[in-house]
Amino acid sequence: MDQNTGSASGKVAIRGVWPVLCTPFTRDGHIDRSAMRRIVKFACDSAVDGVVFPGFASEVDELSPDERLALLEIVLDEVGGSVPVLAGASAASLSDVMARVAEAERLGVHIVMIQAPKSIGSDAGAVTAFYDVIARSRPSATIILQNAPAPRGSDLSPAAVLEVTRSNPAIRYVKEETIPSGGPISAILGGAPAHLAGVMGGGGARFVIDEFLRGACGAMPAVELADIHVRMWRALEAGREAEGRLLYERTLPLLMIQSHARMRLTKRVLMHRGILDNDVVRAKIPAFDARDLDEIEALLGRISDLFHVAPVARAAE
């Protein structure tokens, strides 16, 4: 029985809001297992459609393989089958990627998101060969091809993404994160092979309205606004575009800070929401100064009425 799907097939439709969970650390920089459980519970209480761990928003490059595995085990245990789990399996080399895919499958997770290592480059032939090895070696895996912008990713063109996906039926989804993402999403969906089930948006949900209207099947933002993002997506699906746009417009100023502060902003918001007690990051992100913190608190105050799962009750210390 697959832990992430509750079925023997491991197949699940990936639609809606699938937040990428951040990695909490203790004040002395170790992974915080109990805080990880609180983050997962918050996501599930927000009625998300699935969760993703680890991803770029999880500071995946700053985690050891043992830490990645331990935290993924916690995520699965805390989820308890209530929502599907997608495992990030990106790594610096093909052998490391294969090891992460194998670990996920041993835990019953057969949906894996993979970005080709930067060392492979953006040549479609080389990227195709990389994914082909994974598909042949792990035939039960459902692959999400992650296409992130430079410098983090290889910034594949829509033509390259289509060339790679057309040759590999194991690639069932694409997470398109190039900026702006709208044009590439339209191009990929316009030329998609029959086996490609959908394209997900990324970019911290800063482009989510455009992505939805272009046909994206879902979004993978960070986790700190999961409850609002679920309400936004449900409104869009129900044809209530004005409601979705209002939620988008009210949250966008805060997400603009996230565009450069990344997971430190995510953790600071989760502090305000009573889920974390610090915003410690391992990634090289500057600490907030007093003016930053005042601005974050002001922006949270302007949307505090939207927080129903974990209301903002106090200023973060």
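The values are calculated or read from the model by the stated rules, or taken from the named source; none is laboratory data. Keep in mind it's a predicted model, so treat the numbers as computed, not measured. Glycine also receives a Cβ, built like all others from the backbone with ideal geometry; neighbour counts cover every protein chain displayed.
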Inset, instruction - Give the residues of segment 258-306 that are in a loop (DSSP other than H, G, I, E, B) and small (Gly, Ala, Ser), sorted by residue number. - result: Gly274, Ala283, Ala287
Legend entry - Pairs, first outside any helix (DSSP H, G or I) in segment 15-36, second surrounded by fewer than 18 Cβ atoms within 10 Å (Cβ to Cβ) and not hydrophobic (A, V, I, L, M, F, W, C), C-beta under 6 Å, six or more apart: Arg27/Asn278; Ile31/Glu67; Asp32/Thr26
Inset, instruction - Write out, first by first residue and then by second, each pair whose Cβ atoms fall under 6 Å of each other, whose residues are 6+ apart or on separate chains, and whose first residue, in segment 300-312, is closer than 11 Å to Leu254 by Cα while the second is assigned to a helix (DSSP H, G or I). - result: Leu300/His272; Ile303/Arg250
Inset, instruction - Six or more apart or on different chains, Cβ under 6 Å: which pairs go from a residue in segment 191-205 that's touching a residue at least 40 places away in the same chain (Cβ under 8 Å) and under 23 Å from Gly55 (Cβ atoms) to one that's part of a loop (DSSP other than H, G, I, E, B) and not basic (Lys, Arg)? Could you list them? - result: Gly198/Cys217; Met200/Met220; Gly202/Glu177; Gly202/Met220; Gly204/Pro221; Ala205/Pro221
Legend entry - Failed condition for Arg245, given (1) under 18 Å from the mean Cα position of the chain (by Cα); (2) at negative phi; (3) not hydrophobic (A, V, I, L, M, F, W, C): (1)
Inset, instruction - Please name all residue pairs, on different chains or six or more residues apart, with Cβ atoms under 7 Å, provided the first residue is in segment 225-253 and is touching a residue at least 60 places away in the same chain (Cβ under 8 Å) and the second residue is surrounded by fewer than 20 Cβ atoms within 10 Å (Cβ to Cβ) and assigned to a helix (DSSP H, G or I). - result: Ile228/Leu306
Inset, instruction - Would you be able to tell me the number of residues in segment 203-243 that are of a type in the set (Gly, Ala, Ser) and either in contact with a His (Cβ under 9 Å, 6 or more places away or on another chain) or part of a helix (DSSP H, G or I) (or both)? - result: 7
Inset, instruction - Out of the residues in segment 7-30 that are farther than 23 Å from Gly204 by Cα and at pLDDT 95 or above, state the one that is surrounded by the fewest Cβ atoms within 10 Å (Cβ to Cβ). - result: Asp28
Inset, instruction - Would you confirm whether any residue within segment 69-85 is under 30 Å from Gly121 (Cβ atoms), surrounded by fewer than 22 Cβ atoms within 10 Å (Cβ to Cβ) and either over 16 Å from the mean Cα position of the chain (by Cα) or among the polar types (S, T, N, Q) (or both)? - result: yes
Inset, instruction - Give the residue, chosen from Gly121, Gly88, that is more than 20 Å from the chain's Cα centre (by Cα) and under 30 Å from His260 (Cα atoms). - result: Gly121
Inset, instruction - Quickly run through segment 139-197 and pick out the residues that are under 18 Å from Arg15 (Cα atoms), in a helix (DSSP H, G or I) and not hydrophobic (A, V, I, L, M, F, W, C). - result: Gly182, Ser186
Inset, instruction - Evaluate segment 45-68: report whether one residue or more is touching a Lys or Arg at 6+ places or on another chain (Cβ under 8 Å), modelled with pLDDT of 95 or more, buried (at least 18 other Cβ atoms within 10 Å of the Cβ) and more than 24 Å from Ala205 (Cα to Cα). - result: yes
Inset, instruction - Hey, can you tell me all the residues within segment 165-193 that are farther than 18 Å from Ala91 by Cβ and β-branched (Val, Ile, Thr)? - result: Thr165, Val174, Thr178, Ile179, Ile185, Ile188
Legend entry - Positions within segment 92-134 being closer than 19 Å to Ala57 by Cα, assigned to a helix (DSSP H, G or I), touching a strand residue (DSSP E or B) at 6+ places or on another chain (Cβ under 9 Å) and not hydrophobic (A, V, I, L, M, F, W, C), in sequence order: Arg100
Legend entry - Residue in segment 157-195 that is farthest from Ser122 (Cα to Cα), counting only those that are out of contact with any helix residue (DSSP H, G or I) (no Cβ under 7 Å at 6 or more places or on another chain) and crowded, with 22+ Cβ neighbours inside 10 Å: Tyr173
Legend entry - Members of segment 145-174 found to be in contact (Cβ under 8 Å) with a residue 60 or more places away in the chain and among the aliphatic types (A, V, I, L, M), listed by number: Ala148
